[in-house]
1. When PRO95 is evaluated against the numbered criteria (1) open to solvent by 20 Å² or more (accessible area, probe 1.4 Å); (2) touching a residue at least 12 places away in the same chain (Cβ under 8 Å); (3) of a type outside the set (Phe, Trp, Tyr), which criterion, by number, is the only one it fails?
2. Return the residues of the range 178-194 that are open to solvent by 50 Å² or more (accessible area, probe 1.4 Å) and either farther than 17 Å from ASP219 by Cβ or of a type in the set (Lys, Arg) (or both); say none if nothing qualifies.
3. Quick check on VAL22: is it within 16 Å of the chain's Cα centre (by Cα) and closer than 27 Å to GLU92 by Cα?
4. Sort out which residues of the range 65-77 are open to solvent by 10 Å² or more (accessible area, probe 1.4 Å), of a type outside the set (A, V, I, L, M, F, W, C) and either over 9 Å from PRO115 (Cα atoms) or without any contact (Cβ under 8 Å) to a residue 24 or more places away in the chain (or both), and write them in order of number.
5. Of all residues being within 19 Å of GLN180 (Cα to Cα) and aliphatic (A, V, I, L, M) in the range 138-162, which is surrounded by the fewest Cβ atoms within 10 Å (Cβ to Cβ)? Just the residue, please.
6. The conditions are (1) at negative phi; (2) modelled with pLDDT of 95 or more; (3) open to solvent by 20 Å² or more (accessible area, probe 1.4 Å); (4) assigned to a loop (DSSP other than H, G, I, E, B), and PRO114 fails exactly one of them. Which is it?
7. Filter the range 177-192 down to the residues that are among the basic types (Lys, Arg) and in contact with a helix residue (DSSP H, G or I) (Cβ under 7 Å, 6 or more places away or on another chain) and list them by number.
8. Which condition number in (1) surrounded by 22 or more Cβ atoms within 10 Å (Cβ to Cβ); (2) out of contact with any Cys (no Cβ under 9 Å at 6 or more places or on another chain) is the one that ASP13 fails?
Amino acid sequence: MATELIEGVWWLDLRGVNAYLVDDGDSLTLVDAGTPLSRRKLARDLRDLGRGFADIDRVLVTHYDVDHVGVLDRIDAPVYAGATDAPLVAGERRPGVGGRKGLSQRLAAPFCPPPAGPVRSIGDGDSVGSFTVFHTPGHTPGHVSYVSERLSAAFVGDLVRESDGRLEPSPWLLSHDTEQVRASIRRLAAELPEVDVLGMGHGIPFKRDGRERLRELADRL
């Protein structure tokens, strides 16, 4: 069942990975799209909110990984992704096999069908609706975070994860570059406006004090 984190923002727990639905009054935005096996659960959560795939106006993808792009083939809406990851999301380029991340992405690529909608490349400082894009590389080269000061919410994908109420950086085994992960956390923590909600790809999102939580992690690095 969808959980409302703040007015107009819902957490969709897709069994091991998170997606978020944002209704800002003008458009309906889905942040990340689960695994291919998330299709029924995502459809059910949307239905519980009186919505369906056809109601989604845009999808904001934090990065290219099978557990974040798995249902894009069912959503006929523009998909936004960081410049480096966008060709992978669109199926225009295959992942490389170099390093830990490249190999895992190449192996998962057959399970990532191309999106139904067009893929639009975005970069640091761009705006999509009420969201500002922050390039936060490390987990993947094109990883981005989406921050809406108006909605008091930030969605940071797999830059960090929550465990037992504590934030941790993307782990070494799952990251393209852990030094970049740490640098991205520090930078985002320093530049993040005052937001309550902090939504990550894995773990329980924070409903309050999101900026403070991220700054606490940055201070520990």
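The values are calculated or read from the model by the stated rules, or taken from the named source; none is laboratory data. What you see is a predicted model, and the numbers here were worked out from it, not measured in a lab. Cβ atoms come from the backbone with ideal geometry, glycine included; neighbour counts cover every protein chain shown. When the accessible area is computed, the model is the full protein with side chains, heavy atoms only, and any ligands, DNA or RNA have been set aside. Shrake-Rupley method; radii C 1.70, N 1.55, O 1.52, S 1.80 Å.
1. (1) is the only condition that PRO95 fails.
2. Result: GLU179, GLN180, ARG182, ARG186, ARG187, GLU194.
3. Here the answer is no, as VAL22 does not meet what is asked.
4. Of everything in the range 65-77, those that are open to solvent by 10 Å² or more (accessible area, probe 1.4 Å), of a type outside the set (A, V, I, L, M, F, W, C) and either over 9 Å from PRO115 (Cα atoms) or without any contact (Cβ under 8 Å) to a residue 24 or more places away in the chain (or both) turn out to be ASP65, ASP67.
5. Only one residue fits best here, namely VAL160.
6. If we test PRO114 against (1) at negative phi; (2) modelled with pLDDT of 95 or more; (3) open to solvent by 20 Å² or more (accessible area, probe 1.4 Å); (4) assigned to a loop (DSSP other than H, G, I, E, B), just (2) comes out false.
7. ARG186
8. (1)
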